[in-house]
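Student: Sharing a structure here in structure tokens format.
The values are calculated or read from the model by the stated rules, or taken from the named source; none is laboratory data. Predicted model only: the values in this text are computed from it and were never measured. Backbone-built Cβ (ideal geometry, glycine too); neighbour counts: all protein chains shown. To get the accessible areas, we keep the full protein, side chains included, count just its heavy atoms, and leave off ligands, DNA and RNA. Shrake-Rupley method; radii C 1.70, N 1.55, O 1.52, S 1.80 Å.
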Amino acid sequence: MRRSAALPATAADAAPRSAARSDAATLGRLLPYLWHYRWRVVAALAFVLAAKGANVGVPLLLKRIVDGLQIPPGSAQALLVVPVGLLVAYGTLRLATTVFTELRELVFAKATEGASRRISLEVFRHLHALSLRFHLERQTGGMTRDIERGTRAVHSLISYTLYSILPTLVEVALVLGILAWQFDARFALVTGVAVAVYIAFTVGVTEWRTKFRIQMNESDSAAHGRAIDALLNYETVKYFGNEAFEARRYDASLQALYRASLRSKSSLSLLNTGQQLVIVVALVAMLWLATAGVVAGTLTLGDLVMVNAYMIQLYIPLNFLGSVYREIKQSLTDLDKMFALLGRDCEVCDAPGAPALQVSEGRVRFDDVRFGYEPAREILHGVSFEIPPGATVAVVGASGAGKSTLARLLVRFYDVTGGRITIDGQDIRAVTQDSLRRAIGIVPQDTVLFNDTVEYNIAYGRPGATRAQVEAAARAAHIHDFVVSTPRGYDTMVGERGLKLSGGEKQRVAIARTLLKNPPILVFDEATSALDSANERAIQSEIRAAARGKTALVIAHRLSTVVDAHRIVVLHEGRVAETGTHDELLARGGRYAEMWRLQQAAADREAGG
């Protein structure tokens, strides 16, 4: 039997198959996507049944042709008795089988591709709707394999379940009926028993070897995930000279995959051998009965040919049926993994009927905000402050004080566990996330760019922006001169995650992207942390110009970048330690003044050096 190709693996972090939905439930999830194309499904099924009917009629015509030729050789009537009509009918049935099969493919291609596209798009949208926590914990390699396998599984399940299993069962039923009608019940009994034993053996062994396939899939995902992780962190691997270490880790995963693959292949060989044994025994028994009938004169030579033709016709789909069942079981597993992604709950969801955010002034208020990434470890302890309309408020503090957490809460990557955040009096949990994020422009500390051109990455702030608008934003972010100095200018590819650009260049692209968006509320999370002093001073003036008339939250570690802020909030261990202007905080002589003194001393030492 033709062996099925190895299928892609499941994600290493996916739930065990025992915890997954049942196969019937998975098929139930698939059916609504096909219901949209129900008339195409019906038409395709009609063509399939017509093809099987034509195929079953071929041995009957073959019998009549053979029986019609039983005349003495060289007889003068030999040419007159050649069954020309039967030969034409035979060829017509053969052609009809192919024509109906191709019509099925033509009619149903739109349904298969359409259902696959709709499921893939729904998964893609759902993944973007999931919280940041999910994406921080996921394995990119394993998740993309889940989606890739699930998409292929849609094609397999639709093709195999609707247009292989059902037609094969119909063909078996027709053959059994014809054998019982044309001959005695022994022929139908042998064929029926063989089919039943074949199906029972195939189902039983396939269920038994499913665990080997799952182990192989998990090992494959682990190997794939480690390879992707090492390649994404290429520079770190090279910095520490750990190429051999990563190769050993990868080889350990490959060894596990090797062992699991051997068990899967061995069990497949057992299944193939058993299937062939059932078919061969049935074929021999049927031919023995037919041959004995011909010798006894109860059957004609055409009957023998017809029995042999029917057994061959059953042999091919039964072989295929065994392979199809294995593929269906694997496709159900793969599709279940993709549906599991759709089943992941959104940690941060829009409230039912939530309205869009209406920004009139742009007043932002953090009101007794409490939050922790883990329930047992709270990061923010009752933080309260306000950013008046058109004002710039800076939040400073030591690393780990919770500064960047405030930005993530403001754009609702997470929801507060206590208190609330409001914009113009509207609790951000009560409005749509889309309208909230359209009103906020953020320059993150760690800028990640798309593997596309400089122009694409800047224009991402306002899809559809013209080249002139992109260049204006680039000039404001002091990156235009650098871009035009490159051979391809704004068509320069930045590489995966922007690795072809320096840290400062990536940061300036991010600033240009946010300036192009031009939202009423701005958030700068260590926006100049990757820049040198000269560029930092230049961009600070542009940031101040961009923030003029807008509500701006500036998160900073270097205090020199926020001296002009309207108000400065000092965070310490998740609490507001003090607030005021730069001069007020220095005069107070508290934590801010101590941080300023230490940073100025460090700057003086650097200048002296």
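Student: Taking amide H atoms as placed 1.01 Å from N in the peptide plane, list the residues 5 or more away in sequence, or in a different chain, whose amide H sits under 5 Å from that of G441.
Tutor: Those qualifying (amide H under 5 Å, at least 5 residues apart or on another chain) are I521, L522, V523.
Student: Summing +1 for each Lys or Arg and -1 for each Asp or Glu, what net charge is found among the other residues whose Cβ lies under 12 Å from the Cβ of D424?
Tutor: After counting each charged neighbour, the total is -1.
Student: Can I ask one more? Could I have the simple spin-label model distance between D452 and A227, label points 7 Å from Cα toward Cβ, reported in nm to one decimal?
Tutor: Result for the modelled spin labels: 2.8 nm.
Student: Show D452, D229 ordered by accessible area, largest first, where the area counts protein heavy atoms only and the probe is 1.4 Å.
Tutor: Highest to lowest solvent-accessible surface, that is D229, D452.
Student: Still on this structure, I have one more. Which is farthest toward the positive dipole end of the range 432-518 among N518, I458, G489, measuring Cα position about the Cα centre, with Cβ charges +1 (Lys, Arg) and -1 (Asp, Glu)?
Tutor: Comparing the listed Cα positions along the dipole, N518 ranks first.
Student: ³J(HN,Hα) across the range 184-189 via Karplus (A = 6.51, B = -1.76, C = 1.60, θ = phi - 60°), whole Hz, x for Gly/Pro?
Tutor: Couplings: 7, 5, 4, 5, 5, 5 Hz.
Student: Modelled label-to-label distance, L31 and R438, 7 Å Cα→beta-carbon offset: nm?
Tutor: 3.9
Student: Report ³J(HN,Hα) in whole Hz for each residue of the range 301-315, in order, from the Karplus equation J = 6.51 cos²θ - 1.76 cosθ + 1.60 where θ = phi - 60°; Gly and Pro get x.
Tutor: Per-residue couplings from phi come out as 5, x, 5, 4, 5, 5, 4, 4, 5, 5, 5, 5, 5, 6, 4 Hz.
Student: Here is a further query. ³J(HN,Hα) across the range 501-508 via Karplus (A = 6.51, B = -1.76, C = 1.60, θ = phi - 60°), whole Hz, x for Gly/Pro?
Tutor: 9, 6, x, x, 5, 4, 5, 6
Student: Okay, next question. If you add up the charges near Y456, with Lys and Arg at +1 and Asp and Glu at -1, over every other residue whose beta carbon is less than 13 angstrom from its beta carbon, what do you get?
Tutor: +1
Student: Projecting each Cα onto the charge dipole of the range 227-381 (Lys/Arg +1, Asp/Glu -1 at the beta carbon, about the Cα centre), which of P317, I379, L304 comes out farthest on the positive side?
Tutor: L304
Student: For K211 and A24, calculate 0.36 nm times their separation in residues minus their Cα-Cα distance, and state this gained length in nm to one decimal.
Tutor: 65.4 nm
Student: Next question. Summing Lys, Arg as +1 and Asp, Glu as -1, what charge do residues with Cβ under 10 Å from the Cβ of T581 carry, T581 excluded?
Tutor: Net charge around T581: -2.
Student: Something else: Between their Cα atoms, which of K337/K517; K238/K337; K63/K329; K110/K329 are more than 31 Å away from each other?
Tutor: Over 31 Å apart, Cα to Cα: K337/K517; K238/K337; K63/K329.
Student: Right, another one. Taking only protein heavy atoms and a 1.4 Å probe, what accessible area per residue, in Å², does the range 196-353 have with all protein chains in place?
Tutor: 49
Student: Now for a separate question. How many nm separate the modelled label positions at T300 and H155, each set 7 Å beyond the Cα in the direction of the Cβ?
Tutor: Calculated label separation equals 4.7 nm.
Student: Which order, highest average first, do 503-514, 274-285 follow once you tally other Cβ atoms within 10 Å for each residue and take the mean per peptide?
Tutor: Ranking the peptides 503-514, 274-285 by packing returns 503-514, 274-285.
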